[in-house]
1. Using the 10 angstrom Cβ neighbour count as an exposure proxy, how do A:184, A:174 rank, fewest first?
2. Report the normalised scattering of chain A as log10 I(q)/I(0) at q = 0.06, 0.07, 0.11, 0.14 Å⁻¹, calculated by the Debye formula with identical scatterers on the alpha carbons.
3. With springs connecting C-alpha atoms under 10 Å apart, model chain B as a Gaussian network and identify which of B:207, B:96, B:86 has the largest mean-square fluctuation.
4. So for the stretch B:14-57, considering every pair of alpha-carbon atoms, how many percent are separated by more than 15 Å?
5. Take the Cα of residue A:340, step 7 Å along the line toward its Cβ, and report every residue of the stretch A:361-387 whose backbone nitrogen sits under 16 Å from that point.
6. Between residue A:363 and residue A:62, what is the label-to-label distance in nm when each label sits 7 Å out along the Cα-to-Cβ direction?
7. What residue among A:274, A:389, A:263 shows peak mean-square fluctuation when chain A is described by a Gaussian network model with Cα springs under 10 Å?
8. When a footprinting reagent is the concern and you count Cβ atoms within 10 Å, what order do B:59, B:170 take, fewest first?
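Read-outs: derived from the displayed coordinates by stated rules, not from any lab. Here the structure is a predicted model, which means the values were calculated and not measured. All Cβ positions, glycine included, derive from the backbone under ideal geometry; neighbour counts span all protein chains shown.
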């Protein structure tokens, strides 16, 4: 028994040593806990978190360094991670009231976090700490839910058709006609098929169906987010008849073929088996880089392209509601979106900047592919209409439902008419939870 | 046998001692609790509160951020009556468990027996066979698997040579589930290692005696190896069943977090994760977890109950 | 003169070696791909051997992320692994002995409770547990990852219980006659006999902690504290181009320590401490 006590004691000792060991490591973070500070010159520590890849980590750290040099009283602690890991971290942090001061926020999680009081209302900082005079009103409004501003747009993306002009010629089409329509698209698809090519790699159901609905004056979600934004299932049937028809005609690859691909590197456009890809403007540069040849951007098919297109907030900068240094956090957000030197490091990686001044300053520094993106977004600014606002709570579930239903249609397992009914019934039961 | 004689002696010995039964019982209790005290303390400090909270949350509508709202049995009712994806995930998981666990255990046991000799070369083999398990659940696995089962991957090349049409492993729901099962079987290293440790514990003299009696290899396997290994087999069966029910990482990385194609790899834990952290229905996810606990618990109880008939504990007089 | 190997020997190595190579094909592919330029990995997936061997993936990967070299991540992980391993081996063997050999009131209850903790999916206790650790002010430290190891790990406890139960009781009883106390029985009789399973526990503890992703993701915020599994994910991108080459190269690098640990410890699993000790 005595021996046992000795051992128990040594276990406790080892354990407490281990604890000491790690606590000495964590003191730095304990010190850095945001404290209640008001005056401008007193030391402030801000936590900022973002997701992304290596280049983004590198340049954001440089921006932070630049800011800290200009504001010696501010210390910024960076917490960055890969996309999947980022969201795994953020949810428990929110549940435990431990969110960072500055949060890079994605549109798909935006409503969830802001409507549950996790994000601070930034309206009182807009126009003061955060300079908004060079940014179009509808770009700023993208971060609004109701009359509260929960995030500042870091830049915008616009959806379009990214294609290889050489492959288009190979299919016997000289160029995408100006103001092209869905009929033109179907015609090109047929020609591509005849030339042994795929026209594209399918359309992400929620994004492009929503675009289609917008051209018809409707939207995927109703304004209050409690139901679907279209009443007539014929719209659903028309759109998905077209997409699943193209799969059936072998102009667009089947989902099981697409599922076998490993990544961008062996995608059809890169390996010259498909003419184009439907995606957001921020994905163009990476695609061009991997394909390593001249690619072009075409707008969405019409009619009523202008009604359908909109400037989508690429991501937001939000402030955690538990932050004790909201004004300081807002100042740093201002630096990231308005400072020319900071944006020269960033070069539109977080979306084409909303500020016209920044945009003009960056133009001479851009690569040819980046210029294409900037030009396309600039064109879209004049040829688009207002953004419907962030997706409602539950949208993630609706999108997953839509992906699964459109997958089943593409496999030919589900008739489009039945799918329309099934989607409406299940989506509305998800959205109905938003009714107060 | 001599065991019994020794045992009786000891019992006789103990009863003779002039210690009252009660104080001996108290002492035994104290010693027992002293040994398991780390677990008891750790359980009370770190585990009990979260478990009770998750049970409470299963009766609420909780989105992680706002205060939970009590809704009684609604989550459970929805699960069983109004959620087809729940049933799909249950079905997929049951196939995964009942095909995957025996598959993995049999491979692991056979390899362990082949590698149960002490030589340098065999040590290297053991390490090589363990290597796939060491890679664990990293993203690299997903990429390797996409390569092996891709359109031009080695599996399809072999199938093609055999004249079998190419299978779209990532695009066909049934094939994708089997791919997950193969992946589980491929990473049999942990079970193999536990079997090896168990085989080490079987005294060589048993086999020598059996050889003298003229038992052949197969007879020795069934008469000595299997019974002597049975506690370890029980352990592996229980633990592999539990962990198979909880499998999350392979399904997540192979299906890129969706459980597709067509929910073919939507394992229970993956669906639970999606509900909790993608759809922010943590109350529902907690209810799913408690149903899982009941299912796995019943299964474990069944395995333990049958163990009376096939598990042989040397310490309990060979029962 | 070399003795000719018997046909049985050949058959054994043909069978076992062949199966090993078959199983290792994906790993070999990973190794070979780490010497290919990132953008050709998938295009040339069919050919195993790189056309020209490059080392840049290793150089680039080792540079790490955001100013932290990969060595930093390896060191971080190693610290967590060592602290956890010591805790799990000591605490789990004590607790297992208690469950397997001692008779006390409530033994069945606690054992059942332990099994229950194994059966509840971690995802649902994750958030409440996070809140507990945040109340203790343990966030952004390795405490939530290491301290619980000192309170026993159910998987290891159950494993060791099963092994202790295979040890004949007459050994203990003989020791009691010799006047040994309970702790002496544990340390002098049981521990030496379960070295193969303790080695198993050590191996598992090492590589599970080495591999662990969810815990570090939740509890470590500063990139300078990240572990290798988190760092590997950071080579990937959901928006632009992933650095596959660096990710593969560093996957290989992180495999080396686990590989070596396994190779060193696996003999104890099969041979036990005593015999291998004699060999030196």
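1. Listing A:184, A:174 from fewest to most nearby Cβ atoms yields A:174, A:184.
2. Scattering profile of chain A, log10 relative to I(0): -0.31, -0.41, -0.92, -1.35.
3. Of B:207, B:96, B:86, the Gaussian network model singles out B:207 as fluctuating most.
4. So the pairs more than 15 Å apart make up 62 percent of the total in the stretch B:14-57.
5. Hits in the stretch A:361-387 for residue A:340 at 16 Å: A:361-366.
6. 2.3 nm
7. Ranking A:274, A:389, A:263 by mean-square fluctuation puts A:263 first.
8. Ordered by Cβ neighbours within 10 Å, fewest first: B:59, B:170.
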